[in-house]
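**Q** Below: one structure in structure tokens.
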Amino acid sequence: MKIAWNRHGFHNKEAGGHMRYEAICSAQKWKTEAREFGRIGMKVIGRLEDAADSTAFEVCARAGYAANGMLHFVIGIIAISVAAGARGDIERSGALEALADLPGGYLLLWASFLGSAALAFFQLGEAAFRWKHRDKKERLTKRTKAAFKAGGYAAISVSFGVYALGGETDSSAEAREFSAALLSAPLGAALLVAVGAGIIAIGCYYLFKGATKRYFKDLEKQASGTRGTVIHVLGSVGYLAKGLALAVVGSIIIVAAVTSSPEESTGLDGALKSLQEQSLGTVALSIIAIGLMCYGLYSIARAPLDRM
């Protein structure tokens, strides 16, 4: 048996030494390529961070707040008209359809799409890169919050994009389909209850934020005088109304799960219309509608003031 030595160690030429040599070379090649990909990845991350810090990107991201505010304001207007006896969809799709029907509406939708997409990328960047020097718990909390915001603004951006391209969606139908699919899965009812509870928890967070005025912490610049007072009122009323609306939506989802009736889960439109059927429901719907309009106006006002 012949034993040979090379820089990779002893190997048996007659028993697969050549294969071992090729395996080592292959491993070294992969390590080299992995290091190269790592360097490229770091360069890409650096470029993304630079882009996120650019003035143009910041302007687009701030426009995303205004687009979100406009959407809530229109939803509030539709809710007011429904409370007054008119017909309409109190949801994102109804608001987008109304915006598309405006003169120059499609240009507005495209601008809102770009702004919302930029804001989603900004929040994604916050989740990935920011708060590096905070303690682990605080960093995890803030990054998780930013990630959820990124998902929400991405969904809004997609909706704007669909309508800008001439398409349409049905939020109520999508909610029913989602609930039906979840209920048909193993432990589906429990999962749907968890979804409803999660939405109620988010609603409670909005209520807490509105009641304690914690939303001011989101602002880098504080407006003063009459303007500051108006923004203060819009923020408080808006956050309280949105929190209440989300709590109603979550409750309807839990009812749908407990009764195994996915048709009951109809999103914001169905939740607020079912609220209207209760005693003093029209008054409650009107209050929520005005609150959603306030939230929309606050979101528009916060665009140039937000901490970014």
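**Q** Assuming Ala95 fulfils every condition listed in (1) free of Cβ contacts under 8 Å to residues at least 40 places away in the same chain; (2) among the aliphatic types (A, V, I, L, M); (3) out of contact with any helix residue (DSSP H, G or I) (no Cβ under 6 Å at 6 or more places or on another chain) apart from one, which condition is it?
**A** (3)
**Q** Something else: Can you name the residue in segment 267-307 that is among the charged types (D, E, K, R) and within 17 Å of Val74 (Cα to Cα) and, of all such residues, is most open to solvent (accessible area, probe 1.4 Å)?
**A** Once the filter is applied, the top-ranked residue is Lys273.
**Q** Across segment 91-132, which residue is most open to solvent (accessible area, probe 1.4 Å) among those that are of a type in the set (A, V, I, L, M) and over 18 Å from Val162 (Cα atoms)?
**A** Among them, the one singled out is Leu124.
**Q** Report the residue count in segment 253-308 for those that are among the small types (Gly, Ala, Ser), in a helix (DSSP H, G or I) and touching a residue at least 60 places away in the same chain (Cβ under 8 Å).
**A** Total satisfying the criteria: 10.
The values are calculated or read from the model by the stated rules, or taken from the named source; none is laboratory data. Being a predicted model, the structure only gives us computed values, none of them experimental. Every residue, glycine among them, receives a Cβ derived from its backbone with ideal geometry; neighbour counts consider all protein chains shown. Side chains included, ligands, DNA and RNA excluded: accessible areas come from the protein's heavy atoms. Shrake-Rupley method; radii C 1.70, N 1.55, O 1.52, S 1.80 Å.
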